[in-house]
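Each remark here refers to the structure printed beneath this line.
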Amino acid sequence: MMNNIDVNKEIKILAIESSCDETAAAVVVNGRDMRSNVISSQIDLHTLYGGVVPEIASRKHIEKINQVIEQALSDAGVTLDDIDAIGVTYGPGLVGALLVGVAEAKAISYAKNIPLVGVHHIEGHISANYIENPDLEPPFLCLVVSGGHTHLVKVKDYGCYEVLGRTRDDAAGEAFDKVARAIGLGYPGGPKIEKVSHEGDPQAIAFPRAKIADGEYDFSFSGLKSAVLNYLNGCRMKGIPINQADVAASFQQSVTDVLVGHARHAIRQYGLKKFAIAGGVASNGTIRAAMEQMCAEEGVRFYRPSPILCTDNAAMIGAAAYYDFIAGKRAGLDLNAVPNLKLG
Ligand code: KG4
Ligand code: ZN
């Protein structure tokens with residue numbers, strides 16, 4: 001028993017995620033057993049504008065949220081009467097988008113008298129690793145690479161994090177999205193760069209691998225993005241044809257080398273035998289393969305969620321919410337969206 005909670009009983013969490021452009025709900029039992037995972041993506045809508053439009057995202061979340069929750073409950077074969085707690089992302093993210101999930105979670109919590117747990121979005125991404133790896137327990141190192149974040153984190157315990165390094169400028173996913181736009185691939189950049197890279201040579205163009213002098217685990221991707229833009233401008237000025245696949249593959253290789261280099265350094269320094277990746281960029285096949293190889297070389301066990309659990313989803317929020325719930329953490333009906341919520 002922890003905080004009067006019988007951890008031998010099945011604890012069913014209804015999780016809600018709406019921090020960016022996915023409206024998602026899931027039912028997760030005891031933090032590991034995913035009974036449903038419903039994701040309504042707005043990608044097609046935002047593709048028209050070349051990126052996420054916050055006002056459109058909020059409006060679409062409002063339209064979809066009830067439907068997505070009903071589907072998650074029905075896929076799991078449960079009703080709200082079976083739910084022990086509601087976990088909801090309350091930051092970081094787009095304020096209007098976050099507010100939709102938070103308001104919905106509070107309304108259900110109040111109407112059905114179900115405890116409420118506020119979840120940090122990055123804590124959710126990290127916890128996605130618990131779902132398919134029943135044996136994974138802290139401590140471990142985790143690299144979270146998404147559209148908004150690039151964090152190298154030491155997971156000391158459930159709900160206890162030390163951020164070792166973070167990006168000083170663009171997030172890794174943001175760099176993928178900006179470079180994709182520059183080479184005419186459009187939104188969303190990550191999957192499109194990955195696809196076209198298969199046709200390109202990753203050694204064709206020597207893009208930089210940034211190092212931060214006063215932050216050994218920090219990242220910087222804006223210089224890489226500028227190097228790609230300069231390369232494209234140089235080609236145009238000299239009338240040299242641009243090989244889109246070579247640019248994409250060389251850029252992807254540069255990001256991969258930096259991520260792997262930092263991860264290897266942290267593994268050696270911290271001596272932890274478990275390393276995980278998380279976030280949308282962690283669904284990239286080249287990055288996954290390079291991380292797996294590096295972990296094998298370092299004698300470290302490698303964990304990564306399935307691609308669908310790397311990009312935004314609510315199952316990961318349910319996994320994180322469970323560990324907060326059994327630790328006694330609760331949110332009140334005054335829970336608010338915190339767009340720049342910090343981790344650790
Ligand atoms: O985790 P996520 O779904 O949302 C955030 O929390 O930001 O990550 C979205 C980001 C986008 O920048 C997208 O381009 C990137 O993840 N991404 C990828 C891939 N799939 C998604 N980046 C590289 N390769 C991919 N296959
Ligand atoms: Zn995310």
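Among the residues of region 164-182, just one is farther than 18 Å from residue 226 by Cα and either among the charged types (D, E, K, R) or within 16 Å of ligand 2 (Cβ to nearest atom) (or both), namely 166.
Exactly one residue out of 276, 245, 321, 289 is surrounded by 23 or more Cβ atoms within 10 Å (Cβ to Cβ) and within 16 Å of ligand 1 (Cβ to nearest atom), and it is 276.
So if I check each of 246, 214, which one is assigned to a helix (DSSP H, G or I), of a type in the set (Asp, Glu) and more than 16 Å from ligand 2 (Cβ to nearest atom)? Going through 246, 214 in turn, the sole match is 246. When 41, 74, 36, 19 are checked against the criterion of being polar (S, T, N, Q), in contact with a strand residue (DSSP E or B) (Cβ under 7 Å, 6 or more places away or on another chain) and free of Cβ contacts under 8 Å to residues at least 40 places away in the same chain, 41 stands alone in meeting it. Contact annotation: residue pairs with Cβ atoms under 7 Å, 6 or more positions apart or on different chains, pairing a residue in region 275-298 that is at positive phi with a partner that is among the polar types (S, T, N, Q) and within 16 Å of ligand 2 (Cβ to nearest atom), are 279/146. Taking region 295-311 as the range and being in contact with a strand residue (DSSP E or B) (Cβ under 9 Å, 6 or more places away or on another chain), closer than 17 Å to residue 147 by Cα and surrounded by 14 or more Cβ atoms within 10 Å (Cβ to Cβ) as the test, the residues that pass are 305, 309, 310, 311. The condition of being part of a helix (DSSP H, G or I) and of a type outside the set (A, V, I, L, M, F, W, C) holds for only one of 328, 318, 344, that being 318.
Since every read-out is calculated from the coordinates, none of them should be taken as a lab result. Computed from a prediction, not measured in an experiment: that's the story for all the values here. Heads up, the Cβs are rebuilt from the backbone with ideal geometry, glycines too, and the neighbour counts pull from every protein chain shown.
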